[in-house]
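Since every read-out is calculated from the coordinates, none of them should be taken as a lab result. Everything quoted here is computed from the prediction, not taken from an experiment. So basically every Cβ, Gly included, is an ideal-geometry build from the backbone, and we count neighbours across all protein chains shown.
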Amino acid sequence: MTERRKLIVVSNRGPVTYSRDDSGERVAKRGGGGLVTALRSLVTQHDVTWIASAMSEEDAAVAGEAGGEAVEETADDGSPYRLKLVVHDPVAYDRYYNVVANPVLWFVQHYLWGLATAPEFDHGVHAAWAEGYVSVNRAFAEAVVEELERSPDASVFFHDYHLYVAPRLVRERVPDATMSHFVHIPWVMPDYWRALPEPIRRAVHEGILANDVVSLHTDRWCRSFLRSCEDVVGAEIEFEGGLVRHGGRETSVRARPISVDPEEFAEIAGSGEVRAAEHDIAAERPEFLILRVDRTDPSKNIVRGFRAYELYLEAHPEMYGRVGMLALLDPSRQDIPEYSEYLGAIQRGARTVNDRFQHPGWLPLDLRIADDFTQAVAAYKQFDVLLVNAIFDGMNLVAKEAPLVNTRDGVLILSENTGAHEELEPWVVSVNPFDVAGQAEALHVALTMAGDERRVRLEAIRRHIREHDISAWIETQLHDLDEVVGRSPTSISA
Ligand code: F6P
């Protein structure tokens, strides 16, 4: 049993969001997304105060009633934790989330711009940076400082690309705070960061370098991070030891691949709800089921995946009526034009495949747009081939979750640009996300792989995930913090 520690977790999306049910009662619903799922187990093991944005009107009401203080919450397993919801000005939040964090930072960090036509930083984007992203980060920093005053020996864990500026703002006020930052998405090479105006890319790097530790999922993202710190802010780098020196401070940089909780997953997969959903999928499934489960995010490469399937069908008429693709897609960030346009492209791509190959009694591509975790886990149990062809992806947790509960010795086709590929490469069919012909061939290889080989590969993936589970991920990060505590804190240079 590990020592219970005081932690302040800071992330944009919190572990629960509040609403009112039909009878007017306040209800707390589990927040979605990989980050929140991964961090939930922290609460059971440590003394956690979680700081997050108030997302709904009811969240804001909860925060208001508490006079801006944290409220006592209870995790699913009964563990208590404190939740502090930061209420932002709605216009500032819109600019932070819908103009900067997602269309700019998410896009730059997944190499989603072709650069001939995007990005374009007009006055609106500059204003959204200053009056949206920076203001919301300031509100987060304020909340962290208040918590540190209450609990000076707590360690702060920042999460993700929404909060790059906040650590520096906290450091200016609390120079000896112990802080780490986990980046859940890729880190790109320095030249691509130059798509961002100099003051913005500098603020991103200097903000995150105010932490004692910065962790990313893979060695590849860490190498890019070290190089861009050197290039963007002229930091001094120790590549071997993973150390950045800048502004009179040191930041350790570590590759810490996130994982899942295999026991929790086994439980979910065995639940009555999932079994009922699985029954429906099994009743309709083709002989060979190709599955993809994603948010409708341009980084997930869904349209090219459909095109690859079209090329596969073109080459394999013997599979007509026998194979099918099930695409379970969670609609994501639809207030952002790039995302709503992408959803349209996904629907058009699916129609192209079905118009070309469908015949009575056979739907080649079953596209379902819904936020339905139960259905996703049911489908995880049923796939013969799982297609994960992301353009770039920090980790991709679907690639870890689905093999754990699959019952058909399913094969994982995995993009070489996902973080998961760094760990699972020996046992997957690797693909280049842009090579649709290669992905079509990979579908054929996976669908015709011998039973023994499929079993050996799936078992190896499971073993790896069980040996590197979410508890190990958390423990390693606490250990990383212990290593830096005691390293002499110094102030930030102006
Ligand atoms: O790290 C990426 C991430 O923030 C995950 O936590 C989550 O799965 C996903 O993106 C969802 O993002 P959003 O909070 O914008 O819905």
- [ ] May I ask you to list the lysines whose Cα is less than 24 Å away from that of K6, ignoring any residue fewer than eight positions away on the same chain?
- [x] K84
Open item on the list: Using a 7 Å offset from the Cα along the Cα-to-Cβ direction at both R194 and K6, what is the distance between the two label points in nm, to one decimal?
Closed with: 4.6 nm
Open item on the list: Considering all alpha-carbon pairs of segment 167-315, what whole percent are spaced by more than 27 angstrom?
Closed with: 47 percent
- [ ] With the Cα gyration tensor of segment 330-377 in hand, convert its eigenvalues to equivalent ellipsoid semi-axes via √(5λ) and list them largest first in whole Å.
- [x] 23, 17, 5
Task: Computed lengthening from T44 to E57, 0.36 nm per intervening residue step minus Cα-Cα distance - done: 1.9 nm
Task: Calculated FRET efficiency for the pair W362/E483, C-beta based, R₀ 56 Å, to 0.05 - done: 0.45
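Nearest 500 deg cm²/dmol is fine: what mean residue ellipticity at 222 nm does the chain get from its DSSP H runs of n ≥ 4 alone, each adding -39,500 (n - 2.57), divided by its residue count?
That comes out to -13000 deg cm²/dmol.
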Open item on the list: At 0.36 nm per residue, and after removing the present C-alpha to C-alpha distance, how many nm does the segment from E120 to E263 gain when stretched out fully?
Closed with: 46.9 nm
- [ ] From the C-alpha gyration tensor of the chain, pull out the three semi-axes of the equivalent ellipsoid (sqrt of 5λ each), sorted largest to smallest, in whole Å.
- [x] 38, 25, 23
Open item on the list: Which of K381, K400, K6, K29 has the fewest other C-beta atoms within 10 Å, and how do the rest follow up to the most?
Closed with: K29, K6, K381, K400
Open item on the list: Cut-off 13 Å, label point 7 angstrom out along Cα-to-Cβ of A370: give me the residues of segment 378-403 whose amide nitrogen falls inside.
Closed with: 378-379
- [ ] Using per-residue counts of other Cβ atoms within 10 Å, averaged over each peptide, order 275-282, 20-27 from highest down.
- [x] 275-282, 20-27
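What does the highest-first list of 229-237, 191-199, 82-90 look like by mean Cβ count within 10 Å? Intermediate values should be presented prior to the final figure.
Values: 229-237: 17.0, 191-199: 14.9, 82-90: 19.3.
Result, highest mean first: 82-90, 229-237, 191-199.
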Open item on the list: Please list, ordered by chain and number, the residues whose modelled amide H lies under 5 Å from the amide H of V260; skip anything fewer than 5 residues away on the same chain.
Closed with: I470
Open item on the list: How would segment 271-350 be classified by its alpha-carbon gyration tensor: rounded, prolate or oblate, with rounded meaning a/c under 1.5 and the a/b versus b/c comparison settling the rest?
Closed with: oblate
Task: For segment 344-494, average projected area of the Cα convex hull in nm² - done: 14.1 nm²
- [ ] Taking the dipole about the Cα centre of the chain, with the C-beta of Lys and Arg at +1 and of Asp and Glu at -1, give me whichever of I465, I237, A210 is farthest to the positive side.
- [x] I237
Open item on the list: Can you tell me what share of the DSSP beta bridges in the chain is antiparallel? A percent to the nearest 5 is fine.
Closed with: 25 percent
- [ ] Go through segment 205-218 residue by residue and turn each phi into a ³J(HN,Hα) via Karplus (6.51, -1.76, 1.60, θ = phi - 60°); whole Hz please, and just put x for glycine and proline.
- [x] 5, 5, x, 6, 6, 6, 7, 7, 9, 10, 10, 10, 6, 9
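Can you sort T418, T37 by how many other beta carbons sit within 10 Å, fewest first?
T37, T418
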- [ ] Note down the magnitude of the dipole of segment 363-420 about its Cα centre, charges +1 on Lys and Arg C-beta and -1 on Asp and Glu C-beta and zero elsewhere, to the nearest 20 debye.
- [x] 120 debye
Task: Kirkwood hydrodynamic radius of segment 209-285, from inverse mean 1/r over distinct Cα pairs, in Å - done: 15.5 Å
Task: ³J(HN,Hα), Karplus 6.51/-1.76/1.60, whole Hz, each residue of segment 243-257, x for Gly, Pro - done: 9, 10, 10, 7, x, x, 10, 10, 10, 7, 10, 10, 8, 9, x
- [ ] Only Lys, Arg, Asp and Glu count, each charged at its Cβ (+1, +1, -1, -1), so figure out the dipole size of the chain about its Cα centre, rounded to 20 debye.
- [x] 600 debye
Open item on the list: Please list 3J(HN,Hα) in residue order for segment 38-44, calculated via the Karplus relation 6.51 cos²θ - 1.76 cosθ + 1.60 where θ = phi - 60°; whole Hz, with x for glycine and proline.
Closed with: 5, 7, 4, 5, 4, 4, 6
Task: Projected area averaged over orientations for segment 21-71, convex hull of C-alpha atoms, nm² - done: 4.4 nm²
Open item on the list: Skipping prolines and chain starts, which residues have an amide H placed within reach, meaning under 5 Å, of the one on V156, given they are 5 or more residues away or on another chain?
Closed with: I8, T178, M179, S180
Open item on the list: Quick query: amide H of I51 versus all other amide H atoms, modeled in the peptide plane; which residues come in under 5 Å with a sequence gap of 5 or more or a different chain?
Closed with: V9, V10, S11, K84
Open item on the list: I want to verify the translational diffusion coefficient of segment 395-469 in µm²/s; compute it with Stokes-Einstein, Rh as the Kirkwood radius over Cα pairs, at 20 °C and 1.002 mPa s.
Closed with: 171 µm²/s
- [ ] Would you mind putting 451-462, 353-364, 305-316 in packing order, based on average other-beta-carbon counts within 10 Å, highest first?
- [x] 305-316, 451-462, 353-364
- [ ] Please get the size of the charge dipole for segment 227-345, origin at its Cα centre, with Cβ charges of +1 on Lys and Arg and -1 on Asp and Glu, quoted in debye to the nearest 20.
- [x] 240 debye
Open item on the list: With the crude spin-label approximation of a point 7 Å out along Cα→Cβ, what separation in nm comes out for R408 versus T74?
Closed with: 4.1 nm
Task: Percent antiparallel among DSSP beta bridges (both partners in segment 290-425, rounded to 5) - done: 5 percent
